[in-house]
1. Among the residues of segment 240-274, what is the count of those that are surrounded by fewer than 16 Cβ atoms within 10 Å (Cβ to Cβ) and among the aromatic types (Phe, Trp, Tyr)?
2. Out of everything in segment 151-164 that is touching a Phe, Trp or Tyr at 6+ places or on another chain (Cβ under 9 Å) and assigned to a helix (DSSP H, G or I), what residue ends up being surrounded by the fewest Cβ atoms within 10 Å (Cβ to Cβ)?
3. Can you pull out every residue in segment 207-220 that is surrounded by 16 or more Cβ atoms within 10 Å (Cβ to Cβ) and without any contact (Cβ under 8 Å) to a residue 60 or more places away in the chain?
4. Give me the pairs, please: first residue somewhere in segment 119-138 and within 13 Å of residue 181 (Cβ to Cβ), second residue anywhere and of a type outside the set (S, T, N, Q) and part of a helix (DSSP H, G or I), beta-carbon distance under 7 Å, and either six or more positions apart or on two chains.
5. Restricting attention to segment 239-259, which residues are at pLDDT 95 or above and at positive phi?
6. Within segment 49-78, track down each residue that is at pLDDT 95 or above and of a type in the set (Lys, Arg).
7. So in segment 21-63, with the set limited to residues that are outside any helix (DSSP H, G or I) and in contact (Cβ under 8 Å) with a residue 40 or more places away in the chain, which one is nearest to residue 74 (Cα to Cα)?
8. Being out of contact with any Leu (no Cβ under 7 Å at 6 or more places or on another chain), under 22 Å from residue 147 (Cα atoms) and either at pLDDT below 95 or surrounded by fewer than 17 Cβ atoms within 10 Å (Cβ to Cβ) (or both) is the requirement here; does residue 33 meet it?
Amino acid sequence: MSSQIPAFQKGNTALITGGASGIGLALAQRLLSYGLRVLVADKDASSLYRLSLAPETEDLIPFEMDVAKLEDWHRLKTKISEAFNGQLNVLALNAGRGLPTSFTNPDPTNFYETMQTNLFGVINGVTTLLPLVQSTSQTSGPSSIIITGSKQGITNPPSNPAYNASKSAVKTLAEHLAFDLSKSDPSVLNEKKEKEKPAGAWWPEQVIDYLEKKMEEGKFYVICPDNDVSEEMDKRRMVWAIGDVVEGRPPLTRWRAEDGWKERAEEGMKKLDV
C-alpha cells in the first residue's frame, strides 16, 4: 500500500498526539500501513498498553505524556532523537478534549484544562518540534504538519465556550504557521483538519480518507463533512457566522429564537452563493 502524499512514504517517521484512540489511532494505522514508523503519544496509559500488544504494530512506539505539560514535550523530543535519529516527517497534533464549560459554573477548572490541552497542546508541540520538522524537510523531502481543529471554532455553536474558543485559536495559529513556513520552509506542508462529532459522524477511517484526499489536492483547510451535514452546508454556516460580524448582527444569530433570527438565518443560508 502506498500514498501520493510525499510525507506519507515508507521509511518516514511520524508523531501523533492523542493517537491511542479515535481519529489519531486511525491515522496511526494508516501511516503504519504505508510503512512509516509511528510514535503515538497519549495521556491514556491503558490504551497505549493495549496498542503496544497488537501484533501489527512493530513500527509503533507508544509514549505516555500530557500535551499540556511543556516538560513532557522535552522528554518526547529526546525520545524522537533516540528512536528516529531526530527525523520527523509527519507532525500530527491531534490531542484534544471537550470538557463541559459554562459561565454559570463558578469553578473555571474545565476552562483552564480545555485551553491547556486544546490550545497549549498545539503551541507546545509546534515550538518544541518545529526545528525537527524543518530539518527533516531540508534533508528528506517535504514534511507535513497536521493540526486537528473543529468546525465549532468557526461556526461557534453555543453550549461549550471554552472548546469553541480553543479551536478558534488553533485555527488562527495554524494559519500563521502556514504563512510563516510558506516564506521560510515551503517544503513543510501544513494541513489543518477540522472535526466535529454530531450524531451522524463518520468513522475515524472515513475522516482519514477525506484528509488524505484533500492533502493530495494541496488543501490547507480540511473541513470534514459527515452523514448529517454536507460540505456545502458547512460552507453556508461559516459564511453566515462571519456575517454576524460583518453586518453588525447580534452574535450567534443561527441559534437565536428571539426576534426571528433563527428563521432568518435558515432562509438566509439558502440564498448564499458558495
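1. The total comes to 1.
2. Taking the candidates together, the pick is 161.
3. The answer is 210, 214.
4. Cβ pairs passing all conditions: 126/177.
5. Of everything in segment 239-259, just one residue is at pLDDT 95 or above and at positive phi, namely 248.
6. Within segment 49-78, 69, 75, 77 meet the criteria.
7. Filtering segment 21-63 for residues that are outside any helix (DSSP H, G or I) and in contact (Cβ under 8 Å) with a residue 40 or more places away in the chain, the one nearest to residue 74 (Cα to Cα) comes out as 41.
8. yes
The values are calculated or read from the model by the stated rules, or taken from the named source; none is laboratory data. Predicted model only: the values in this text are computed from it and were never measured. Methodologically, a virtual Cβ is constructed for each residue, glycine included, from the backbone with ideal geometry; neighbour enumeration extends over all protein chains shown.
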